[in-house]
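Enquirer: Below is the structure I would like to discuss, written out as structure tokens.
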Amino acid sequence: MSILKAMALGGCVVLTTGCVDKTSITHVGDAENILFTTDGRLIVSGGDNIYQITKPNGSYEKRSLYLDDNGNEIECNFTGIAQKDNWVISSCVETKWIIFTNNHLVAANLNDHDIQFQRISPSSNDPYDSLFLPNGLAFSPTGDLLVADYNPFSASGVAKIELDFSGDLPSISTVEKNFVGVNHGLSTPNGVRVADNYLFVSDGNAVKRYQFDEAGNVPTHLEVNGLAEPNETLVWQGGLATIVDDIMPYCGGVALTSYLGGKIIYVEREVDAQGNESFQEHSDTGALAFNSPSSLAIGQAPLFSGYQVLVTEKGLLQETGSNFGNRLSAMEMPFDLNSTNACNIVDSLND
């Protein structure tokens with residue numbers, strides 16, 4: 001039995017009907033990304049603002065975290081979210097006349113009881129605005145902020161942002177476009193995740209993995225048995241109509257959201273007796289189980305548990321009011337994904 005087929009609870013046949021046991025948590029227009037902070041706070045980004053999800057009186061509530069001096073929401077299309085120490089960093093894109101964008105980095109301090117995001121991009125000559133559409137965020141092993149620079153019109157890569165944390169607010173020191181780029185095999189990166197010493201990137205219809213060196217760089221080639229081999233591993237690839245949005249490394253493999261297919265797929269890593277690795281698609285939730293899923297995260301205490309996977313359902317792009325997508329959902333799992341024995345359970349389910 002596969003890990004996602006095991007979610008066929010309450011009579012749902014996952015692999016044929018796309019029926020999953022899920023609960024709608026709250027409305028988030030153009031829901032985009034999820035972050036559980038190390039102290040258990042849940043942050044979700046959307047097309048109008050970025051929110052903290054709480055449960056003060058037994059029901060879930062959301063609080064806007066990007067406000068002006070009068071307490072009014074500042075509308076911005078928020079994308080990726082990442083944490084370094086006590087700082088949560090996010091990216092927002094202001095769009096005018098459909099094609100003109102203005103990109104900002106914002107930050108919130110977890111030492112504050114009621115966190116609020118503040119803009120840390122400079123008001124003029126912002127180097128972050130050199131990116132076309134900053135999307136997924138992750139911190140590298142050496143503490144640099146990595147940003148998927150999504151560009152549907154031409155090849156793009158993952159940018160590296162050096163941040164200075166010495167002041168009251170973080171500030172941008174340098175922006176290096178295409179830190180990982182076309183020379184590495186990327187074309188349209190969307191999501192980025194860092195696990196151990198690896199960088200995972202969703203790139204169009206594929207998921208690719210790269211290895212960091214000791215200096216935190218991502219060389220185009222690695223030395224393997226005295227030979228220079230490309231530093232790129234194809235973890236998964238779908239059809240031409242597939243768009244992979246977010247990715248979540250788990251148990252050596254990766255879970256991914258198929259945006260157009262409306263499903264979550266789990267790809268398992270296998271290693272043979274000679275140490276050769278391969279990746280095999282073992283399970284999915286079935287097509288159209290979700291309305292354009294854009295990100296996923298394993299539940300964390302105190303709001304959720306490892307028996308739940310949170311999924312943002314985006315719905316239609318730039319449409320934020322309907323019940324088609326525009327929400328954060330929780331999908332029930334048959335075992336605790338946070339348990340120390342979880343990877344062994346995954347292996348047994350896929351036998």
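Enquirer: Quick one: count up the residues across the range 147-162 that are among the aliphatic types (A, V, I, L, M), open to solvent by 40 Å² or more (accessible area, probe 1.4 Å) and not in a loop (DSSP other than H, G, I, E, B).
Expert: The total comes to 0.
Enquirer: Here is a further query. Take the range 214-229 and flag every residue that is open to solvent by 60 Å² or more (accessible area, probe 1.4 Å) and either touching a residue at least 60 places away in the same chain (Cβ under 8 Å) or under 16 Å from Val158 (Cβ atoms) (or both).
Expert: Ala215, Asn217, listed by residue number.
Enquirer: Here is a follow-up. Which condition breaks for Ser130 when tested against (1) buried (at least 21 other Cβ atoms within 10 Å of the Cβ); (2) modelled with pLDDT under 95?
Expert: For Ser130, the failing item is (1).
Enquirer: I need the full set of residues from the range 107-118 which are of a type outside the set (A, V, I, L, M) and either open to solvent by 50 Å² or more (accessible area, probe 1.4 Å) or in a strand (DSSP E or B) (or both), in order please.
Expert: Those that are of a type outside the set (A, V, I, L, M) and either open to solvent by 50 Å² or more (accessible area, probe 1.4 Å) or in a strand (DSSP E or B) (or both): Asn109, Asn111, Asp112, His113, Asp114, Gln116, Gln118.
Enquirer: Now for a separate question. Which pairs do you get when a residue that is over 26 Å from Ala31 (Cα atoms), found in the range 279-291, comes within reach of a residue that is in a loop (DSSP other than H, G, I, E, B) and open to solvent by 20 Å² or more (accessible area, probe 1.4 Å), reach meaning Cβ atoms under 8 angstrom, with the pair 6+ apart or on two chains?
Expert: As it stands, the answer is His282/Asn350, since those pairs meet every condition given.
Enquirer: Would you check which residues across the range 336-346 are of a type outside the set (Val, Ile, Thr) and touching a residue at least 60 places away in the same chain (Cβ under 8 Å) and list them?
Expert: Leu337, Ala342, Cys343
Enquirer: Being open to solvent by less than 10 Å² (accessible area, probe 1.4 Å) and either more than 16 Å from the chain's Cα centre (by Cα) or of a type in the set (S, T, N, Q) (or both) is the filter here, so list the residues in the range 41-78 that pass it.
Expert: Ser45, Asn49, Ile53, Leu65, Cys76
Enquirer: List pairs: first in the range 313-331 and under 18 Å from Ile34 (Cα atoms), second of a type in the set (Lys, Arg) and part of a loop (DSSP other than H, G, I, E, B), Cβ under 9 Å, 6+ apart or cross-chain?
Expert: Pairs found: Gly325/Lys314; Asn326/Lys314.
Enquirer: From the list Val180, Val201, exactly one residue is within 23 Å of Leu260 (Cα to Cα), open to solvent by less than 70 Å² (accessible area, probe 1.4 Å) and of a type in the set (A, V, I, L, M, F, W, C). Which is it?
Expert: When all the criteria are applied, what remains is Val201.
Let's see how each residue does on (1) over 30 Å from Thr54 (Cα atoms); (2) at pLDDT below 95:
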residue	(1), (2)
Val93	no, yes
Lys96	yes, yes
Leu105	no, no
Asp114	no, no
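Enquirer: Collect the residues in the range 84-106 that are surrounded by fewer than 21 Cβ atoms within 10 Å (Cβ to Cβ), in contact (Cβ under 8 Å) with a residue 40 or more places away in the chain and not in a loop (DSSP other than H, G, I, E, B), keeping them in residue-number order.
Expert: Scanning the range 84-106 gives Lys84, Trp87, Val93.
Enquirer: Can you confirm whether Leu256 is open to solvent by 60 Å² or more (accessible area, probe 1.4 Å), closer than 21 Å to Leu310 by Cβ and at pLDDT 95 or above?
Expert: no
Enquirer: Lys62 fails exactly one of the following numbered conditions: (1) in contact (Cβ under 8 Å) with a residue 40 or more places away in the chain; (2) in a strand (DSSP E or B); (3) closer than 21 Å to Asn323 by Cβ. What is the number of that condition?
Expert: Of (1) in contact (Cβ under 8 Å) with a residue 40 or more places away in the chain; (2) in a strand (DSSP E or B); (3) closer than 21 Å to Asn323 by Cβ, only one is false for Lys62: (1).
Enquirer: Going by what's in this entry, would Glu223 be described as acidic (Asp, Glu), over 17 Å from the mean Cα position of the chain (by Cα) and in a loop (DSSP other than H, G, I, E, B)?
Expert: It is false that Glu223 is acidic (Asp, Glu), over 17 Å from the mean Cα position of the chain (by Cα) and in a loop (DSSP other than H, G, I, E, B).
Enquirer: I'd like the full set of residues that are open to solvent by 60 Å² or more (accessible area, probe 1.4 Å) and free of Cβ contacts under 8 Å to residues at least 12 places away in the same chain, limited to the range 262-276.
Expert: The answer is Glu270, Val271, Asp272, Ala273, Gln274, Asn276.
Enquirer: Being part of a loop (DSSP other than H, G, I, E, B) and buried (at least 17 other Cβ atoms within 10 Å of the Cβ) is the filter here, so list the residues in the range 293-333 that pass it.
Expert: Hits for the range 293-333 are Gly299, Gln300, Leu303, Phe304, Tyr307, Lys314, Gly315, Thr320, Gly325, Asn326, Met333.
Enquirer: Considering Ser140, Ser121, which residue is polar (S, T, N, Q), touching a residue at least 60 places away in the same chain (Cβ under 8 Å) and surrounded by 17 or more Cβ atoms within 10 Å (Cβ to Cβ)?
Expert: Ser140
Enquirer: Right, here's the next one. Any chance you could count how many residues in the range 163-172 are in contact with an Asp or Glu (Cβ under 9 Å, 6 or more places away or on another chain) and either open to solvent by 70 Å² or more (accessible area, probe 1.4 Å) or over 21 Å from Ile81 (Cβ atoms) (or both)?
Expert: Final tally of qualifying residues: 0.
Enquirer: Continuing with this model, one more query. Taking the range 184-213 as the region of interest, how many residues are closer than 21 Å to Lys84 by Cβ and basic (Lys, Arg)?
Expert: Residues in the range 184-213 being closer than 21 Å to Lys84 by Cβ and basic (Lys, Arg): 1 in total.
The values are calculated or read from the model by the stated rules, or taken from the named source; none is laboratory data. In this text the structure is predicted, and so the values were computed from the model without any measurement. Cβ sites come from the backbone with ideal geometry, for glycine too, and all protein chains shown count toward neighbours. For accessibility, only protein heavy atoms count, side chains too; no ligands or nucleic acids. Shrake-Rupley method; radii C 1.70, N 1.55, O 1.52, S 1.80 Å.
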